[in-house]
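Chemist: Provided herewith is a single structure, encoded as C-alpha cells, for subsequent inquiry.
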Amino acid sequence: MDENIEKIWWVFPRFKIERLITGLELPVNLAFVPEPTDNPSDPLLYVTELYGKIKAITNDWKVHNYAESLLNYEPNYEFPGTGESGLTGICVEPKSGDLFVSMIYEDGGDVKNKLVRLKSKDGSKMDSMEIILEDIPSIKAAHQIQAITIGFDGKLYVNLGEGMINPKVAQDDSDLRGKVLRMNLDGSIPEDNPDPDSSVFAKGFRNPFGARWRKSDKSLYISDNGPSYDDRIAKVEPGKNYGWPNSMRENSLFWINFPEGITALDFMQNGEFPFGYEDELFVAYFGGSYVKGPSIKGKKIVKMKLNEDGSAIKSYDIFASYIGQNAASPCGLAFGPGGLYFTDLHGEKNGQAHASSGNIYKISSVIKAEGEILVPYTKENFGKCLCPGCPTHNECMNNRDERLFCAGGKTECDLERKGCLCGECPVESEYGLTEFYYCDEGAAKK
Ligand code: SF4
Ligand code: SF4
C-alpha cells in the first residue's frame with residue numbers, strides 16, 4: 001500500500017484505495033477471467049495497452065507480456081489527437097479463456113478497424129490470432145472500434161465508433177460504423193438479429209467507449225461520448241436508434257451537458273462491495289487526458305443507482321476523485337475479486353503519452369474489515385432495519401437505499417433529525433445497542 005495514496009485519490013467514505021500495479025504503458029481497459037482458478041500461475045486479469053500490447057496478470061499478481069507489437073504502425077503519442085487511438089477493447093471468452101480484442105490498423109494509406117480472437121495455451125502468452133472482423137474504415141483518433149462484451153445469450157457485442165469524419169454513417173444501416181454489433185463468436189451473423197442479414201444490433205452512436213451487461217435486467221449498457229455536449233449512458237435494445245448525429249439524448253438513460261469523457265463502466269453485481277451497493281453502476285469519467293492536477297472535468301469515478309427497468313437514474317454520487325498534481329485519470333474499470341479495479345492511463349510520473357507510468361488501482365470496502373464495528377453489515381440485518389420507515393429517513397437516503405447505519409456508518413446525505421426508530425428495532429436488542437441517530441453519529445462501536 002502506497003503511503004501517499006490518500007494524497008492523490010479521494011474515495012467514498014468507508015472505502016480504501018490501493019495501487020496494485022504500476023509501470024504500464026497507457027493501460028486502457030481491463031478484463032477479468034470470468035471464473036479464475038486458485039492456481040497462482042493461472043490468469044486472473046488482462047489489460048490492453050493502447051499502443052499494441054496486452055499484459056496478463058496471474059493470480060499471484062505477476063505481470064506477463066501476453067502480446068506485443070499488435071499495431072502495424074508507429075503511434076505518434078499526441079494527446080489529445082491521433083495518439084488517442086490503437087488497441088482498446090478486450091473481453092475473455094469464458095469457456096476457452098481466449099481473448100477478443102479490438103484495434104485499428106493501417107491498410108495502404110487507409111486506417112481500418114478490426115476485431116481479433118487470441119489464443120494461448122497457458123493464458124499468459126499469446127500463441128495465435130484469428131481475425132473475426134476487419135476492413136471497416138476508421139481514423140487515428142477516438143471514435144474507433146472499442147468495447148467488446150459477451151452477452152447472457154453467448155453472442156459477441158461490439159461498440160463501433162462512427163469514425164468522426166462523416167457522422168451520418170451512424171444512421172446508415174448498410175455501414176457498420178456508429179453501431180453496436182451483435183455476432184456469433186466466429187463473426188457470423190445470428191439469425192435472430194433485428195435484421196437477419198446484418199450484424200447491426202442498434203444504431204446512432206458516436207464514440208461508444210464502454211459496455212457492460214447488467215444481471216438484474218439482462219441488458220447491455222454503454223457509454224457514448226458527445227462532441228462539446230452530452231456524454232451519455234444508454235441501455236442498448238435491439239433495433240433501436242440512439243439518434244446521433246441528430247441527438248445524443250435519443251433513447252438515452254442519462255447525459256451530462258458538459259462532457260467529461262465517460263469511458264468504462266460496470267455494475268456491482270457479484271458481492272464485491274457490501275450488498276447495500278448491489279446493482280449500482282460505477283462509471284469512469286476520464287476528463288482531459290492532458291490536464292494536470294484536479295479538474296472539474298472528469299478525473300473521477302461516479303456511482304449511480306438505476307431503477308429496476310433501467311429507464312432512470314435514482315441517485316448519483318462521486319465515488320472517487322483524483323486530487324493529485326499529475327495527468328492521472330481513470331480509464332478502464334471493472335469489478336473483480338473483492339473490489340472495483342481501474343486503470344489510470346498516464347499515471348503519476350509526468351503525464352506524457354510515452355511514459356511507462358500507468359497504474360491499476362483497487363477500491364475496496366472497509367466495512368467488513370473494521371473490527372471495532374459492533375453490528376455486521378449483512379443482508380439479514382439490512383432486512384430487519386427500521387430506518388426506511390423513520391421520519392428522519394429522507395428522500396436522499398431513500399434514493400440511495402441507505403439504511404443499517406449502526407453497521408455501515410453515517411450517511412453522506414443532509415438530514416434533519418425528526419425522530420429515530422432504532423429503539424424499537426430488533427437489531428438494537430440483538431446487539432445491545434444503546435444509542436440513536438446512527439445515520440448522523442456513525443456506526444455503533446464495540
Ligand atoms: S438511524 Fe435512526 S434516525 Fe437514522 S434513519 Fe435510522 S431509525 Fe431513522
Ligand atoms: S438500530 Fe437503527 S440503524 Fe441499526 S438496524 Fe435498527 S433501525 Fe437500522
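Chemist: Go through segment 388-401 and report how many residues are surrounded by 16 or more Cβ atoms within 10 Å (Cβ to Cβ) and near ligand 2 (Cβ under 10 Å from one of its atoms).
Modeler: 2
Chemist: Restricting attention to segment 377-395, report how many residues are near ligand 1 (Cβ under 7 Å from one of its atoms) and of a type in the set (Val, Ile, Thr).
Modeler: 1
Chemist: So, of the residues in segment 1-57 that are touching a helix residue (DSSP H, G or I) at 6+ places or on another chain (Cβ under 8 Å) and over 20 Å from residue 263 (Cβ atoms), which turns out to be modelled with the highest pLDDT?
Modeler: 18
Chemist: Checking residue 414 against (1) more than 9 Å from ligand 2 (Cβ to nearest atom); (2) open to solvent by less than 40 Å² (accessible area, probe 1.4 Å); (3) in a loop (DSSP other than H, G, I, E, B), which test does it fail?
Modeler: Among (1) more than 9 Å from ligand 2 (Cβ to nearest atom); (2) open to solvent by less than 40 Å² (accessible area, probe 1.4 Å); (3) in a loop (DSSP other than H, G, I, E, B), the lone unmet condition for residue 414 is (2).
Chemist: Can residue 6 be described as under 21 Å from the mean Cα position of the chain (by Cα), outside any strand (DSSP E or B) and free of Cβ contacts under 8 Å to residues at least 60 places away in the same chain?
Modeler: Working: under 21 Å from the mean Cα position of the chain (by Cα): no; outside any strand (DSSP E or B): yes; free of Cβ contacts under 8 Å to residues at least 60 places away in the same chain: yes.
So residue 6 fails the test.
Chemist: While we're here: It is to be established whether one or more residues within segment 367-387 are open to solvent by 10 Å² or more (accessible area, probe 1.4 Å), part of a loop (DSSP other than H, G, I, E, B), within 9 Å of ligand 2 (Cβ to nearest atom) and touching a Cys at 6+ places or on another chain (Cβ under 7 Å).
Modeler: Just the residues of segment 367-387 that are open to solvent by 10 Å² or more (accessible area, probe 1.4 Å), to begin with: 367-374, 376-380, 382-387.
Those left that are additionally part of a loop (DSSP other than H, G, I, E, B): 367-372, 374, 376-378, 385-386.
Okay, now just the ones that are also within 9 Å of ligand 2 (Cβ to nearest atom), so 385-386.
Remaining after also requiring touching a Cys at 6+ places or on another chain (Cβ under 7 Å): 385-386.
Yes, segment 367-387 has at least one match.
Yes/no matrix, rows are residues, columns are (1) assigned by TED's automatic domain parsing to the domain that holds residue 114; (2) touching a Ser or Thr at 6+ places or on another chain (Cβ under 7 Å); (3) assigned to a loop (DSSP other than H, G, I, E, B):
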| position | (1), (2), (3) |
| --- | --- |
| 162 | yes, no, yes |
| 170 | yes, no, no |
| 188 | yes, no, yes |
| 192 | yes, no, yes |
| 213 | yes, yes, no |
| 226 | yes, no, yes |
| 235 | yes, yes, no |
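Chemist: Also, I was wondering about something else. Please give the number of the condition residue 429 fails out of (1) among the small types (Gly, Ala, Ser); (2) assigned to a loop (DSSP other than H, G, I, E, B); (3) free of Cβ contacts under 8 Å to residues at least 12 places away in the same chain.
Modeler: All conditions are met except number (2).
Chemist: Does at least one position in segment 237-247 carry a residue that is in a loop (DSSP other than H, G, I, E, B), of a type in the set (D, E, K, R) and open to solvent by less than 20 Å² (accessible area, probe 1.4 Å)?
Modeler: Looking through segment 237-247, none of the residues is in a loop (DSSP other than H, G, I, E, B), of a type in the set (D, E, K, R) and open to solvent by less than 20 Å² (accessible area, probe 1.4 Å).
Okay, residues lined up against (1) touching a residue at least 24 places away in the same chain (Cβ under 8 Å); (2) within 28 Å of residue 382 (Cα to Cα); (3) not polar (S, T, N, Q):
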{"residue": "229", "(1), (2), (3)": "yes, no, yes"}
{"residue": "235", "(1), (2), (3)": "yes, no, yes"}
{"residue": "249", "(1), (2), (3)": "no, no, yes"}
{"residue": "260", "(1), (2), (3)": "yes, no, yes"}
{"residue": "304", "(1), (2), (3)": "yes, yes, yes"}
{"residue": "308", "(1), (2), (3)": "yes, yes, yes"}
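Chemist: For the condition free of Cβ contacts under 8 Å to residues at least 12 places away in the same chain and more than 24 Å from residue 135 (Cβ to Cβ), what is the one hit in 175, 197, 192?
Modeler: Sole residue among the options that is free of Cβ contacts under 8 Å to residues at least 12 places away in the same chain and more than 24 Å from residue 135 (Cβ to Cβ): 192.
Chemist: Answer yes or no: is there a residue in segment 346-361 that is part of a loop (DSSP other than H, G, I, E, B), more than 13 Å from ligand 2 (Cβ to nearest atom), at pLDDT 95 or above and more than 24 Å from the chain's Cα centre (by Cα). Spell out the reasoning first.
Modeler: If we filter segment 346-361 for residues that are part of a loop (DSSP other than H, G, I, E, B), which is where we start, we get 346-357.
From what is left, the residues that are more than 13 Å from ligand 2 (Cβ to nearest atom) are 346-357.
Of the ones still in play, those that are also at pLDDT 95 or above are none.
No - not one qualifying residue is present in segment 346-361.
Chemist: Look through 409, 423, 442 and report the one residue that is of a type outside the set (S, T, N, Q), open to solvent by less than 60 Å² (accessible area, probe 1.4 Å), without any contact (Cβ under 8 Å) to a residue 24 or more places away in the chain and more than 8 Å from ligand 1 (Cβ to nearest atom).
Modeler: Step by step, each of 409, 423, 442 is checked, and only 423 is of a type outside the set (S, T, N, Q), open to solvent by less than 60 Å² (accessible area, probe 1.4 Å), without any contact (Cβ under 8 Å) to a residue 24 or more places away in the chain and more than 8 Å from ligand 1 (Cβ to nearest atom).
Chemist: Mind listing just one residue for me: the one in segment 110-155 that is touching a Pro at 6+ places or on another chain (Cβ under 9 Å) and assigned to a strand (DSSP E or B) and, of those, surrounded by the fewest Cβ atoms within 10 Å (Cβ to Cβ)?
Modeler: 110
Chemist: Right, next: Return the total of residues in segment 426-439 being within 9 Å of ligand 1 (Cβ to nearest atom) and farther than 20 Å from residue 367 by Cβ.
Modeler: Here the count works out to 1.
Chemist: A follow-up question, please. What is the residue count in segment 106-135 for residues that are among the hydroxyl-bearing types (Ser, Thr, Tyr) and in contact with a strand residue (DSSP E or B) (Cβ under 6 Å, 6 or more places away or on another chain)? Quick ask: steps written out before the conclusion?
Modeler: From segment 106-135, those among the hydroxyl-bearing types (Ser, Thr, Tyr) are 120, 124, 128; that's our starting set.
From what is left, the residues that are in contact with a strand residue (DSSP E or B) (Cβ under 6 Å, 6 or more places away or on another chain) are 124, 128.
Counting residues in segment 106-135 that are among the hydroxyl-bearing types (Ser, Thr, Tyr) and in contact with a strand residue (DSSP E or B) (Cβ under 6 Å, 6 or more places away or on another chain) gives 2.
Chemist: Which condition breaks for residue 359 when tested against (1) within 15 Å of ligand 1 (Cβ to nearest atom); (2) assigned by TED's automatic domain parsing to the domain that holds residue 317?
Modeler: Only one criterion in (1) within 15 Å of ligand 1 (Cβ to nearest atom); (2) assigned by TED's automatic domain parsing to the domain that holds residue 317 is unmet by residue 359, namely (1).
Chemist: Tally the residues that are surrounded by fewer than 20 Cβ atoms within 10 Å (Cβ to Cβ), farther than 18 Å from residue 30 by Cβ and among the β-branched types (Val, Ile, Thr), restricting the search to segment 59-109.
Modeler: The number of residues fulfilling the criteria is 1.
Chemist: Let me ask something additional. Taking segment 426-437 as the region of interest, how many residues are modelled with pLDDT under 95, open to solvent by less than 60 Å² (accessible area, probe 1.4 Å) and either assigned by TED's automatic domain parsing to the domain that holds residue 13 or more than 8 Å from ligand 2 (Cβ to nearest atom) (or both)?
Modeler: Residues in segment 426-437 being modelled with pLDDT under 95, open to solvent by less than 60 Å² (accessible area, probe 1.4 Å) and either assigned by TED's automatic domain parsing to the domain that holds residue 13 or more than 8 Å from ligand 2 (Cβ to nearest atom) (or both): 1 in total.
The values are calculated or read from the model by the stated rules, or taken from the named source; none is laboratory data. Computed from a prediction, not measured in an experiment: that's the story for all the values here. Quick reminder, even Gly has a Cβ in these numbers, built from the backbone with ideal geometry, and neighbours come from all protein chains shown. For accessibility, only protein heavy atoms count, side chains too; no ligands or nucleic acids. Shrake-Rupley method; radii C 1.70, N 1.55, O 1.52, S 1.80 Å.
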